[in-house]
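Working notes, beginning with the structure itself.
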Amino acid sequence: MNNESVKYPKLLILCHNIYENTNNIGKTLISLLDFWPKEKLCEVYLRNEVPSFEHCYDYYRILDKEILKSYIKGKRIVGRSFKKDINTSINDCNDREMNLYNLGNKRIPLVSLCRDLLWKKKSWKNSSFDKWLDEQKPEVILFVPNDYSLIYPIAKYIIKKCNIPLIPYYMDDAFYYGTFVSPIDYIRRISIRKKAKPLLQNASKIITIGPKMAEVYCKKFGKDCINLMNSVQIKEYLPKGNKKVIVMSYVGNLHSNRWKSIVEIGKTLDYLNREVILQVYSPSFVSEKMNKAFSNIKSIHFMGKVMPDEVEKVLINSDILLFVESFIRKSKASTKYSLSTKIPEYLNAYRCIFAYGPSDISSIEYLKNNNLAITCTSKTNLVSALEKVLEFRNKIDVEEIQAFVRENHCIEKNRRIIEQIIFEEVKNENSIY
């Protein structure tokens, strides 16, 4: 351990997603914490993936299938640790398990409720987990909850066992204040709010992913809320080459019914009959229904998954970058207060952004209110909006965009902010639970 790393407290990340750049939450966390000494980081996560150890050396994983098996075989089989130079990085997730996680991504209330109920057994509370926590000796928790109540008891247990403070970081809204999806979903939200309330009451502050979420959470919980969005290393502008065909690119997930908005855009491009191709890059599972919809549209070219180190190349080779959200009520509820990780990456490419989605979604508001994109918030205006973006695609104010990114998404600036938050929390004796 070098002298520089000694001053850093041991930080435990508690999150559903693995701390890797293979997922949006991991990508945001890495943008903020990759400067942190790797030996002073550890993570507890709940997805069937294995680490590369590129960003952290110590992990503890708890899986749904282990919880399920524990009802028969006992809790000793639940949870396992991963440590650099000891464990291999072979993904042990089979197709059936991936399909189950893809089903979870659809946010079907009954499925989500069943998962929360499954975890009530708390089989993760065992000697294996205790041993790992004793070895790690964390000094503070960065808690990144998701759309389930099951992770809150884990946070509560770690706080009590290790006697350490917790910093909540909400990247997705789990509470759905003022939003009704279904009776089952309403019951779930009550449970999540109930479990979250004592943790948030004892937290000194809450980190949120965007200004709209910060405004709501500040009123609901009476806490200081600090915005920390996905951050980027500011790039220089690279001019586009002259191409006969206009390339519009979408890079991101297709769940929350975003794929349906992409289909609407593709159909409209076909109707306009311009020389435009819409390239869709996504790691998401593509169902037979989605594949058929994409295949029936001439403009859409589904490109599959793009590796993280190739994303920048895709963006700068595009004329227009597409951002979409769904108009479907259930999907709107899940994205209302979140701010997409794609936005700073798109901005940093200095290409025209076309945003299509409801006007009251945080990401659409952010792009529109800051004059960062040509936006369309109504299906009836899609034809005219696409005609506008095709006409003005090359009229980008690079200096203005660069100034905005430097102010709001600069990686160096945001890393200083989160470092200060963590250091202050560790020093604040009143924050110890």
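Table for the structure above
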{"quantity": "Computed over region 332-406: relative contact order in percent, which uses C-alpha pairs under 8 Å that are six or more apart", "calculated": "34"}
{"quantity": "Efficiency of FRET between F423 and N273 - r from beta-carbon atoms, R0 45 angstrom, step 0.05", "calculated": "0.20"}
{"quantity": "Region 98-201: chymotrypsin sites (Phe, Trp or Tyr not before Pro) in DSSP loop, at most 13 other beta carbons within 10 Å", "calculated": "Y177, F180"}
{"quantity": "Loop GluC sites (Glu not before Pro), region 214-282, which have at most 13 other Cβ atoms in a 10 Å radius of their Cβ (DSSP)", "calculated": "E236, E275"}
{"quantity": "Close Lys-Lys pairs in region 287-394, where close means Cα under 22 Å and separation is 8 or more or interchain", "calculated": "23"}
{"quantity": "Full-stretch length increase - K219, K125 - with 0.36 nm per residue and alpha-carbon distance subtracted", "calculated": "30.4 nm"}
{"quantity": "Point-to-point label distance, K379-E264, nm (Cα→Cβ direction, 7 Å offset)", "calculated": "0.6"}
{"quantity": "Net charge of neighbours whose Cβ lies under 9 Å from the Cβ of F175, counting Lys and Arg as +1 and Asp and Glu as -1", "calculated": "+2"}
{"quantity": "Region 246-405 - charge dipole about Cα centre, Lys and Arg +1 at Cβ, Asp and Glu -1, debye rounded to 20", "calculated": "720"}
{"quantity": "Part-to-part distance (alpha-carbon centres) for region 306-344 and region 22-56, which is given in Å", "calculated": "21"}
{"quantity": "Residues with amide H under 5 Å from that of Y60, placed H, sequence gap 5 or more", "calculated": "E43, V44, Y45, F82"}
{"quantity": "Cα-based equivalent ellipsoid of region 330-370: semi-axis lengths in Å, sorted from largest, via gyration tensor", "calculated": "19, 10, 8"}
{"quantity": "Cα-based Kirkwood hydrodynamic radius, the chain, one decimal, Å", "calculated": "22.8"}
{"quantity": "Signed unit charges on C-beta, dipole axis of the chain, positive-most listed residue W132, G266, L386", "calculated": "W132"}
{"quantity": "Total charge dipole magnitude, the chain, about the Cα centre, Cβ charges on Lys, Arg, Asp, Glu only, Debye to nearest 20", "calculated": "1700"}
{"quantity": "Tally of Lys pairs whose C-alpha atoms are under 28 Å apart, taken over region 1-85, 8 or more apart or cross-chain", "calculated": "29"}
{"quantity": "Separation of the K194 and D309 label points, Cα + 7 Å toward Cβ, nm", "calculated": "4.9"}
{"quantity": "HN-Hα J in Hz across region 178-195 - Karplus 6.51, -1.76, 1.60, θ = phi - 60°, x for Gly and Pro", "calculated": "x, 10, 10, 9, 6, x, 5, 5, 4, 4, 4, 5, 4, 5, 5, 4, 5, 6"}
{"quantity": "Descending Cα extents along the principal axes, region 192-248, whole Å", "calculated": "58, 22, 17"}
{"quantity": "Gyration tensor over alpha-carbon atoms, region 246-405, equivalent ellipsoid semi-axes in Å", "calculated": "21, 18, 17"}
{"quantity": "Value of [θ]222 nm, deg cm²/dmol, for the chain, DSSP H segments ≥ 4, -39500 (n - 2.57) each, nearest 500", "calculated": "-12500 deg cm²/dmol"}
{"quantity": "Region 290-358: Rg to Rh, with Rh as the Kirkwood radius over Cα pairs", "calculated": "0.99"}
{"quantity": "Anchor K121: aspartates and glutamates whose Cα lies under 13 Å away (excluding residues fewer than 8 positions away in-chain)", "calculated": "D64, E66"}
{"quantity": "Built amide H within the under 5 Å cut-off of D34, gap 5+", "calculated": "none"}
{"quantity": "Gaussian network model of the chain, springs between alpha carbon atoms under 10 Å - residue of C114, C352, C56 with greatest fluctuation", "calculated": "C114"}
{"quantity": "Note, ³J(HN,Hα) from phi for region 399-408, Karplus 6.51, -1.76, 1.60, rounded to Hz, x at Gly and Pro", "calculated": "4, 5, 5, 4, 5, 5, 4, 4, 6, 10"}
{"quantity": "For region 270-275, Karplus couplings with θ = phi - 60° (6.51, -1.76, 1.60), whole Hz, Gly/Pro x", "calculated": "4, 5, 5, 6, 9, 7"}
{"quantity": "Normalised contact order of the chain, rounded percent, pairs of Cα under 8 Å and 6 or more residues apart", "calculated": "15"}
{"quantity": "Length added when fully stretched, E288-D397, from 0.36 nm per residue minus Cα-Cα", "calculated": "35.1 nm"}
{"quantity": "Max mean-square fluctuation residue, GNM over the chain, Cα-Cα springs under 10 Å, options N24, N381, N227", "calculated": "N381"}
{"quantity": "Mean Cβ count within 10 Å, highest first, over the residues of peptides 28-34, 305-311, 238-244", "calculated": "28-34, 305-311, 238-244"}
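None of the figures in this text is laboratory data; all of them are computed from the coordinates on show. These numbers were taken from a predicted model, which means no experiment stands behind them. Methodologically, a virtual Cβ is constructed for each residue, glycine included, from the backbone with ideal geometry; neighbour enumeration extends over all protein chains shown.
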